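Step one of this worksheet: look at the structure below.
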């Protein structure tokens, strides 16, 4: 508990708490379960992607192609569902197809980064351009709406357990799964170890490029899950619907306390980062604030958060470099 | 420091000199040579080339127009080039038009993302002897030969407002407006007309907040609608402009089961809105038939090349009667079409 | 024994020439004076962004805010012009606003020391918000007719003025980077910031000037764009952001910093421009053009990687036999 | 079966330009504490890195472990055989728990998806810690621990891997007296369990406390292996330093010019305190002391990089505040850092660009541009006068050997025409021939009126170049010696014990 109070997550949590208190005063509906669930549901896709991005960033990489990959999987999902029968098997099938396709695209990123040693930002930039172009070319931007989907998928979309939408469950399960992988599998611990100290990781015999391929593939896997969530959320496929989302994803992870240079980052922090962004958006309408100022707020919050974090980091580094001076 | 200042002054001088020699036109020989090129190209197949430039490609609305335009090209025996930027970005659109000028087309019909931004390039096209017209959204009226409108903006906005009141079933209550983007000129003019209609004829209707942007994305419209419903529990109606916005709004209504409480009217394509029209979460989608607009644009463009001007009440094959304003330039395709759950299935876009 | 080795830039130059020849042969109308002037009109704004990005990348940074810096500068020019200020004041005002944006980036990056990608991500959203709240999302016009000559006029009735401005800036950038103390320091800081600090270089001053310079180039790009399009809107040039990173990297600039040449970036910009115009003339759908650009970016990097590996092997063999 | 657990024979290691190890041997018996000792640069850490599998020795080396020939190609090979290295900077993961840090590296590549058994992990960790009699919550993240505690975690990791041989590199350098005592206890208990330990340290007192045998290295060569009872501290020092004095002790008389630099009560929290000295024209001032005694931090404070400090720096009689390295250069100070490769040179850049970097501003022509012709002349001048080989100014600095690299760095700073030259470990990693060349160069510069501060751990070097010697210990000045009274022994006494005169009795235990 004491550790938590001092952690980086704490500062985000405090900001969220303050925002919540202010919003609760301004708008009576803010603190209703309904509204809060809507916020989480509306940001579930962002959240799922941000969780994957957390792993990428922990190892010192970055992936700007996430939104493009997710769109691509959405399109593939939409197209295949037009041919799938109206049976529960279909749901199983989409949970096979979407992640597989995502992993395929993600692993291309991973292999290029690890084996050809092209910087991650450049690889994923190129991939983004390629995937976006192909998606637009193949679909011509055509919407697919719910009438193209088997009813079983629509049932699935509206399904809720304990009053919580399946989309939120997807987010929760993803978060839990990723947390489990990080905590309880060897590869997860290797991701953390590389994040903690790259040099030591090599000293104890961790295969760095294998871990890189893993994190990018896993990012692709989650992009597949995010595509399912997105399709369930809008009950439609809009090939242009994700443009620009990648920067929001990165912003959420960074706000959640991950260090863009690698080394730090937690699932819990990222969830807080996602919530912070979601609450800002939700709150600005509820508080009836001029929408034009929303971006100014968001930009300022990001700048303050990253500067504050860096100053803290410099301070801690100084503590470490001390030598013992006799009094 | 002094040296830097000196350098700066020198730079300014150089710029001044340059500016003195700058002219609007390229060298005389320049445009001539391009004319030659054009003749050669034209001699190749002799077909009339009509370029139709949408705001962007790859969205359903403009895909539907493309179908109509291509169809018209087949029917009328002209070559139609339908191309545009991949983002609704004026700069990209200028480039596309510049490349089209290089391709020596006969007509450029453009739906500008930003009328002012296109003026220079359209002027250039005109100077090269290309016929310039606009469609869907007006360009600089001093440059175009013809301005093809799907609709009379004023009448359209008022019609949407009227339909909303009709669907609400009451002339009192709170409503909200969603828009695709704050910067979209045509959406803004419809919204202004709709507001005027409400102010003039329905004083009991209250607009709760300024128009809300949805980034041309369904899921954003969906989220914002959810927030609106919560912020304004007495909301009775929503007007949604831009094609994805009504879908998002209707989705929120559907999910919260508020079909009977909140009326949604908007500018959506029938095929996309069918599932929402079905259960009344979207009451009416009001639009025109974009394929016909594309068809009309190409048909009128061909007439222009042939030296024919449109006349009021002229009947165009496959489109119907059109209205031409007194300026002889502005063509209105016709009244908007109301898509409801009864007729939505009849359309293929 | 002197061996003629091909530098990255020379290879790229050959690719550019080859592409030009290929396009000239296979694309009808590519060589028409009309198309050539078009390309000259289109190149400067993209080229300026690419140069601005390159200078930043040479220091090991990145500037995600340049397109919004440009848009904000454009907004300032538009507001000043439409309020009747003379053109020169409007332009200087625009440049001042651009420099202010650069100063903000430079201050947080150089003085506080936050990583550039984070800072410029934040300022990007911030500047966008500022423009939105100033313009309410509408476009602003109202430039004087002389102003529109900057982007649309010809010099001596032959060459677009904007390309002359661009070439002037490119040469200036090249001279600044290669011949001045600041330029040399930029490469040094990019190669090894610790060693440059230990050599009496004031790293933070150098970095500050880099972000100011990048913002200046963005402001000049903004002048060309606003005068060419006769309007400014929040998304002015936003499609150039990632393209400019791609052009800088394709031009041989190392994303970790320390290396990058104006000429390489120039070739890369020309390659992108020729592909874009040529494929458009051929009627290739625009999305496919995007795909091809992505493929080229990755392919060139893979070729570089293979070349480096081959060189290393050669060196190793040489060392073994020695 | 041999009585030795580890035998490393005929070990040589050549780096470009330097022979770091020349036919060295190291033999460690089972269950003994074996001290590896030598001056800085004697080759201790190279030898250990070879043992760890980080470096490969030159061909001809023989390596036996538990009586069998062993090949160690990668670090993991060493770990798997039961050789654990505890580096001075530790190999821990600050964000992981104690238990994980102890357990990590146990599984190979093949088991990526294997479930991490936290219970087993904690059990293993607790067991290892218990053997050390060290109580700590195994779920604490390592970053929350003190350095001493972290070290225990490293030792526990070694135990958990059933290490038969543990190498401790300068284990006590960041420990307090009490923590050191505790470490001794641990070492004794390890020894009792039959685990061999190689102990690397500078601190003679503690070496005598724990070690059974000593292997002494000097200048990359094997001096000998001795039993503790054969040795005294004095004898050990002589062995380390060598009977033969490497360099002639400086006998020149310092020109007593005016004071160039005066430092008064300089202090920086966590770095150094109460530092006062002065430097005169034409004088070489040696500053020595153990690594970590605050010498480098002091030099960097004077050069404007390590800020902010308290106290006064007076240059040419004027009190000055130096806020940046840029200002320091303007004031006529040059600082040649310890690490050539990361701090001194920009390896990928050419020799010209490196030499001209600090003086670029003076090479501007009337158009404000760098006068490339002058720049090349400048570089060629120093390449010639310092005899840099090969004399190719366009070559990347990284292509040169250590000694030539150092000459480039010196040339770079001479180009600024400094009044005060501070040089940190001037001959670190440079071969003998080049070393005395550099010493001569420094004396020559002083003779021309420059004030020079030489920071070095190599005592013969300090004696060879200095007119006066300041010895630092724990961030303070332990004492000052005139060149006439300074000997290696007297310096060692100050550096190790903080006292002038004879080695105290307690040091001999």
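Applying the Kirkwood pairwise sum to the alpha-carbon positions of the protein assembly as shown produces a hydrodynamic radius of 36.2 angstrom. Averaging the Cα positions of each part gives two centres, and for segment B:93-109 and segment D:144-221 these lie 79 Å apart. The residue C:171 and residue B:325 beta-carbon pair, evaluated with R₀ = 56 Å, returns a calculated FRET efficiency of approximately 0.60. DSSP bridge analysis restricted to chain D gives an antiparallel fraction near 55%, rounded to the nearest 5.
Mean partner shielding of peptide C:277-286, defined as the number of other chain Cβ atoms within 10 Å of each residue Cβ, is 4.
Assuming R0 = 35 Å, can you tell me the calculated FRET efficiency for the pair residue C:134 and residue B:234, based on Cβ-Cβ distance, to the nearest 0.05? The value I calculate is 0.55.
In this rough spin-label picture, where each label sits 7 Å from Cα along the Cβ direction, the residue D:372-residue D:180 distance is 5.8 nm.
Put in order of Cβ neighbour count within 10 Å, fewest first, the listed residues A:231, D:296 become D:296, A:231. Each of B:159, D:227, A:310 was scored by other Cβ atoms within 10 Å of its Cβ. Arranged with the fewest first, they read D:227, A:310, B:159. Give the separation of the Cα centroids, segment C:52-81 to segment B:246-324, in Å. After rounding, the separation between the Cα centres reads 40 Å. Each part gets one Cα centre, and for segment D:287-337 versus segment C:236-305 those centres are 47 Å apart. The mean number of partner chain beta-carbon atoms within 10 angstrom of a residue's beta-carbon across peptide C:177-186 is 4.
Can you give the helix-only mean residue ellipticity at 222 nm for chain C, where every DSSP H stretch with n ≥ 4 adds -39500 (n - 2.57) and the sum goes over all residues, rounded to the nearest 500 deg cm²/dmol? Value at 222 nm, helices only, nearest 500: -25500 deg cm²/dmol. Per-residue mean of foreign Cβ neighbours for D:352-360 is 4 (Cβ atoms of other chains, 10 Å radius).
Principal-axis analysis of the Cα atoms of chain D puts helix D:402-414 at an angle of about 40° to the longest axis. Here the extension length gained between residue D:23 and residue D:113 equals 27.9 nm, from 0.36 nm per residue of separation less the Cα-Cα distance.
Label positions at residue A:100 and residue B:154, each projected 7 Å from the Cα along the C-beta direction, are separated by 6.0 nm.
Could you work out which residue, out of A:176, A:67, A:50, moves most in a Gaussian network model of chain A, that is, has the largest mean-square fluctuation with Cα springs under 10 Å? Among A:176, A:67, A:50, the largest GNM mean-square fluctuation belongs to A:176. One decimal place: the segment residue C:310-residue C:7 gains 107.7 nm when fully extended, by the rule 0.36 nm per residue minus the C-alpha distance.
Of all DSSP beta bridges confined to the protein assembly as shown, the antiparallel ones make up roughly 45%. Placing dummy labels 7 Å off each Cα toward the beta-carbon, the span from residue C:31 to residue B:170 is 7.5 nm.
The simple Förster model, with R0 at 35 Å and r as the Cβ-Cβ distance, assigns residue D:342 and residue D:227 a FRET efficiency of 0.30.
Please give the helix B:60-76 orientation as an angle from the longest Cα principal axis of chain B, in degrees from 0 to 90, rounded to the nearest 10. With rounding to tens, the tilt is 60 degrees.
Here, each number is a calculation from the coordinates, and none is a lab measurement. Predicted model, so just to flag it, every value in this text is computed and none were measured. All Cβ positions, glycine included, derive from the backbone under ideal geometry; neighbour counts span all protein chains shown.
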